[in-house]
Amino acid sequence: SEYHYWSKYLRECVECFGCDLDEDQRDRRTIQNFYHGINRELYFKYTVARFCSPLSVTPELAVAQNFSSATGLIIKIKGYEDYLRMFNVSWLSDYTAEAERL
């Protein structure tokens, strides 16, 4: 299916052309945390999650704050595994200030 191929291409893009999670190719800086804004109210106090596919995140807390609403949530993500990679897609975005990574 088309979903399968898009998923495969996204994953290959991150794994083959991305960089290590602690190094940003464009800005040449070390990124400690990533953020993902959710504009809905969620009903849990804490959670532990493992993502097995690319996830849209930003290293800029202000971007996540702008995206989440007053009742929304900001997820702070740290990489605990050495093999994790990211792909800087801010150059593809219409909103380059979001500094989006996959």
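The values are calculated or read from the model by the stated rules, or taken from the named source; none is laboratory data. Computed from a prediction, not measured in an experiment: that's the story for all the values here. Heads up, the Cβs are rebuilt from the backbone with ideal geometry, glycines too, and the neighbour counts pull from every protein chain shown. For accessibility, only protein heavy atoms count, side chains too; no ligands or nucleic acids. Shrake-Rupley method; radii C 1.70, N 1.55, O 1.52, S 1.80 Å.
Among the residues that make up segment 68-76, is at least one of them of a type in the set (A, V, I, L, M), closer than 27 Å to F17 by Cα and either assigned to a loop (DSSP other than H, G, I, E, B) or in contact (Cβ under 8 Å) with a residue 40 or more places away in the chain (or both)? Within segment 68-76 (the criterion being of a type in the set (A, V, I, L, M), closer than 27 Å to F17 by Cα and either assigned to a loop (DSSP other than H, G, I, E, B) or in contact (Cβ under 8 Å) with a residue 40 or more places away in the chain (or both)), the answer is yes, since at least one residue qualifies.
Restricted to segment 1-25, and to residues that are part of a loop (DSSP other than H, G, I, E, B) and either within 19 Å of V57 (Cβ to Cβ) or of a type in the set (A, V, I, L, M, F, W, C) (or both), which residue is modelled with the lowest pLDDT? Per the criteria, the residue is Q25. The combined condition, being touching a residue at least 12 places away in the same chain (Cβ under 8 Å), within 25 Å of K8 (Cβ to Cβ) and either open to solvent by less than 40 Å² (accessible area, probe 1.4 Å) or out of contact with any Cys (no Cβ under 8 Å at 6 or more places or on another chain) (or both), is fulfilled by T58.
With respect to the conditions (1) at pLDDT 75 or above; (2) out of contact with any strand residue (DSSP E or B) (no Cβ under 6 Å at 6 or more places or on another chain); (3) open to solvent by less than 60 Å² (accessible area, probe 1.4 Å); (4) among the small types (G, A, S), G79 falls short on a single one, namely (1).
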